[in-house]
Amino acid sequence: MTLAAEIAAADAPEPSGPRPWDLDAIRRDFPILNQQVNGAPLAYLDNAATAQKPTAVIESIADFYRHDNANVHRAVHALAERATLAYEGARERVRGWINARSVSEVVFLRGTTEAINLIAHGLGQGWSAGDRVVLTQMEHHANIVPWQLLRERAGIDIAVLPINDAGELDLAGLPRLLAPPTRLLALTHVSNVLGTVNPIADIVHIAHEHGVPVLVDGAQAMAHQRVDVQALDCDFYCFSGHKMFGPTGIGVLYGRQAHLAALPPWQGGGEMIRRVTFERVRFADPPQRFEAGTQDFAGAVGLAAAIDYLDNLDQGALARHEQSLLRYAVERLDAVPGLRLIGRAAHRAPVLSFLVDGVHAHDMGTLLDRKGVAVRTGHHCAMPLMDFYGVPATTRASLAFYNTRDEIDRLADAIDYARGVLA
Ligand SMILES: Cc1ncc(COP(=O)(O)O)c(C=O)c1O
């Protein structure tokens, strides 16, 4: 090799591709994980509630505020241009990550809850009494209550697709529920209580055969798998930044261009209009039509950094690690006397909800916390699902790719400790 070729080779960009899977290195990216809680190392197993943030995300937001902060889409000065570029760059980053056809299909909102409310509000304008939305037994309240509000306003009906004991949807009953006057099927991709991963592409196919559009609540999916909205062929898909290692206060509604174009605005205010006089208003096209007022543009920058971070991980290794953690956790928890695990779907994300004989879930949560193990207890904003299983509350350990087998062992040991104290 000539000297010139050697220099050129040395200067060539690093070959792109995921970094090698190194759990210790990954954990070092999340500074919050490295701390003691109640005298024990923190085992953070409450990722379904909110996921922790890597330094890259924290720094991206701090850097934005340090160097580029200005309101977006409003002024022509340099900071405003940089901020606008960063905000719209984040939209493009999201578009690419979920494989939307166009940035105009990507609306920035506060999160999943706001996205579903927007859809219920907008679609509901064109619905009449008796029109039906189909939900499932495993929905989060975020995908139940907005439809109940619409039922109160417009007299629509809500039908519910049942599940079996393992926590899987009963798809045999779906075609009957999709018959007219069903206007929409709205369901979760991944259950926040059971971990069940629903076969969304198949479900969308069935729904579309019946002419029914599908809204997917992706709040729990984005942290565990790459989502391709075109492959799923869904009509709407929504998710929250904070559950996928990004900041709070920012989330995304994906909607097919034609659907969004047909939706009326959600809130009125600055930046969602073309022209305003006192007599009339002409609205902007999507996505701006749904982004009234000052948006969380710093949050969007943080969300793009979270996507960059995820993109740099080996997705295959991530999935293998999570599934191996799940299998190990099931094995350990099944060995605990008196422990009942809720949800045994064949295809599921690493979420484990359980009850232990003689121990109330809230007491379990408190005692686990004494050992530094952070879990969620309660109804998990899924009361109809709790009713299905006939329980008021469960303890839920929800895992992320940065969790370890050692943390699962600590969970199992802490459950033994709680049983010793209370059972
Ligand atoms: C399945 C599911 N849907 C919707 C939500 C609501 O998400 P957010 O509170 O970020 O709007 C959650 C939150 O836990 C969830 O788990």
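The values are calculated or read from the model by the stated rules, or taken from the named source; none is laboratory data. As the structure is a computational prediction, the values presented were derived from the model and not from experiment. Heads up, the Cβs are rebuilt from the backbone with ideal geometry, glycines too, and the neighbour counts pull from every protein chain shown. Please note that ligands, DNA and RNA were not included when accessible areas were found on the heavy atoms of the full protein model with its side chains. Shrake-Rupley method; radii C 1.70, N 1.55, O 1.52, S 1.80 Å.
Tabulated results
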quantity: Candidates Pro199, Pro213, Pro264, filtered to the one that is touching a Gly at 6+ places or on another chain (Cβ under 6 Å) and either without any contact (Cβ under 8 Å) to a residue 24 or more places away in the chain or surrounded by fewer than 24 Cβ atoms within 10 Å (Cβ to Cβ) (or both); calculated: Pro264
quantity: Residue match in region 222-232 (condition: touching a residue at least 12 places away in the same chain (Cβ under 8 Å), within 11 Å of the ligand (Cβ to nearest atom) and under 24 Å from His321 (Cβ atoms)); calculated: yes
quantity: Verdict on Pro350 being at pLDDT below 95 and out of contact with any Phe, Trp or Tyr (no Cβ under 6 Å at 6 or more places or on another chain); calculated: no
quantity: Residue check, Leu184 more than 24 Å from the chain's Cα centre (by Cα), open to solvent by less than 10 Å² (accessible area, probe 1.4 Å), farther than 23 Å from Met386 by Cβ and among the hydrophobic types (A, V, I, L, M, F, W, C); calculated: no
quantity: Failed item in (1) open to solvent by 60 Å² or more (accessible area, probe 1.4 Å); (2) within 16 Å of the ligand (Cβ to nearest atom); (3) farther than 21 Å from Ala207 by Cα; (4) in contact (Cβ under 8 Å) with a residue 40 or more places away in the chain, with His73 passing the rest; calculated: (2)
quantity: Scope region 394-411; condition of a type in the set (Gly, Ala, Ser) and surrounded by fewer than 19 Cβ atoms within 10 Å (Cβ to Cβ); matching residues; calculated: none
quantity: Residues within region 138-149 that are more than 17 Å from Val214 (Cβ to Cβ) and either touching a helix residue (DSSP H, G or I) at 6+ places or on another chain (Cβ under 6 Å) or not aliphatic (A, V, I, L, M) (or both), tallied; calculated: 2
quantity: Top-ranked residue in region 278-323 [being aromatic (Phe, Trp, Tyr) and more than 30 Å from Ala25 (Cα to Cα); ranked as nearest to the chain's Cα centre (by Cα)]; calculated: Phe290
quantity: Residue identified as closer than 25 Å to Glu209 by Cβ, out of contact with any Cys (no Cβ under 6 Å at 6 or more places or on another chain) and surrounded by fewer than 22 Cβ atoms within 10 Å (Cβ to Cβ) among Ala120, Ala172, Ala154; calculated: Ala172
quantity: Any pair with Cβ under 8 angstrom, 6 or more apart, that starts in region 363-380 at a residue that is within 15 Å of Tyr44 (Cβ to Cβ) and more than 16 Å from the ligand (Cβ to nearest atom) and ends at one that is open to solvent by less than 10 Å² (accessible area, probe 1.4 Å) and not hydrophobic (A, V, I, L, M, F, W, C); calculated: Gly365/Thr395; Leu368/Thr395; Val373/Glu407
quantity: Filtered residue count, region 54-70, keeping only those that are open to solvent by 50 Å² or more (accessible area, probe 1.4 Å), polar (S, T, N, Q) and in contact (Cβ under 8 Å) with a residue 60 or more places away in the chain; calculated: 1
quantity: Among the candidates Leu313, Leu318, Leu352, Leu253, residue that is part of a loop (DSSP other than H, G, I, E, B) and open to solvent by less than 10 Å² (accessible area, probe 1.4 Å); calculated: Leu313
